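K.L.:
Structure in structure tokens, see below.
The values are calculated or read from the model by the stated rules, or taken from the named source; none is laboratory data. As the structure is a computational prediction, the values presented were derived from the model and not from experiment. A quick note on method: Cβ atoms are made from the backbone with ideal geometry, for glycine too, and the neighbour counts reach across all protein chains shown. Just so you know, the surface numbers come from the protein's heavy atoms only, side chains and all, with ligands and any DNA or RNA stripped out. Shrake-Rupley method; radii C 1.70, N 1.55, O 1.52, S 1.80 Å.
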Amino acid sequence: MAEHNFIKQEYWISNAPDVKEQLLQAEIYVYEQESKISGFVGMQDNYLAGIFVDKNIRSNGIGKQVLEYIKDIRQEFTLRVYKENKGAVDFYERES
């Protein structure tokens, strides 16, 4: 995960089962473009677990669109972002 290169790969490998379980419990909203999944957002109740966009098509407004969708369907929600993930911090601050 290039966006989280400050976290050792072993962490992601050892926590993969937990992440899978969390995904199974989350509401997933998918962004499709030309019949291809280009991004998705995961929600756990009113917690935004993450927005994921294909790295090859980032900065084209997909993240903003899925975030706007969540804002439309949730009166309020929370999220957490690693401060080292400057791109995500900047994105959420800009779009809040």
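K.L.:
Taking region 20-96, which GluC sites (Glu not before Pro) meet the DSSP loop condition and have no more than 10 other C-beta atoms within 10 Å? Kindly include the intermediate steps, with their values, before the conclusion.
P.N.:
Numbers: sites: E21, E27, E32, E34, E68, E76, E84, E93, E95; in loops: E34, E76, E84.
Sites meeting the loop and neighbour criteria: E34, E76.
K.L.:
Per residue, how much accessible surface does the chain expose to a 1.4 Å probe? Answer in Å², no decimals.
P.N.:
Values: 7320 Å² over 96 residues.
Result: 76 Å² per residue.
K.L.:
What do you reckon, how do D45, D18 stack up by accessible area (1.4 Å probe), largest on top?
P.N.:
Working: D45 130, D18 90 Å².
Output order, biggest surface exposure first: D45, D18.
K.L.:
Note the count of lysine pairs whose C-alpha atoms are less than 21 angstrom apart in the chain, limited to pairs 8 or more residues apart or on different chains.
P.N.:
Number of lysine pairs found: 12.
K.L.:
Given springs between every Cα pair under 10 Å in a Gaussian network model of the chain, which of Q25, Q44, Q75 has the largest fluctuation?
P.N.:
Greatest mean-square fluctuation among the candidates belongs to Q75.
K.L.:
A follow-up question, please. I need the chymotrypsin sites (Phe, Trp or Tyr not before Pro) found in region 6-43, filtered to DSSP loop residues with at most 11 other beta carbons within 10 Å of theirs. Write down the numbers at each step before the final one.
P.N.:
Values: sites: F6, Y11, W12, Y29, Y31, F40; in loops: F6.
Qualifying residues, ordered by number: F6.
K.L.:
Give me a comma-separated list of calculated 3J(HN,Hα) values for region 17-27, in order, Karplus coefficients 6.51, -1.76, 1.60 applied at θ = phi - 60°, integers in Hz, x for any Gly or Pro.
P.N.:
x, 5, 5, 4, 4, 5, 5, 5, 8, 8, 8
K.L.:
Whenever you get a sec, line up V41, V89, V30 from highest to lowest accessible area (probe 1.4 Å, protein heavy atoms).
P.N.:
Values: V41 0, V89 40, V30 80 Å².
My answer, sorted largest first, is V30, V89, V41.
K.L.:
Got a sec? What order do S14, S35 fall in by accessible area at 1.4 Å, biggest, i.e. largest, first? Present the calculation step by step, with values, prior to reporting the outcome.
P.N.:
On the way: S14 80, S35 110 Å².
Ranked from most to least accessible, the order is S35, S14.
K.L.:
I'd like the carbon and sulfur percentage of the solvent accessible area for the chain, probe radius 1.4 Å, heavy atoms only, ligands and nucleic acids excluded. Walk me through the numbers before you get to the answer.
P.N.:
On the way: 3570 of 7320 Å².
Ligands and nucleic acids excluded, carbon and sulfur give 49 percent.
K.L.:
Still on this structure, I have one more. In region 59-96, which trypsin sites (Lys or Arg not before Pro) fall in coil by DSSP and have 14 or fewer other Cβ atoms within 10 Å? Write down the numbers at each step before the final one.
P.N.:
Values: sites: K64, K71, R74, R80, K83, K86, R94; in loops: R74, R80, K83.
Hits after loop and neighbour filter: R74, R80, K83.
K.L.:
Apply 1/(1 + (r/R0)^6) to the Cβ-Cβ distance of I28 and Y82, taking R0 = 30 Å, and write down the FRET efficiency to the nearest 0.05. Provide the component values of the computation, followed by the final result.
P.N.:
Working: r = 21 Å, r/R0 = 0.71.
It comes to 0.90.
K.L.:
A follow-up question, please. Scale the Cα Rg of the chain by the rule-of-thumb value 2.2 N^0.38 Å and send over the ratio, two decimals.
P.N.:
1.09
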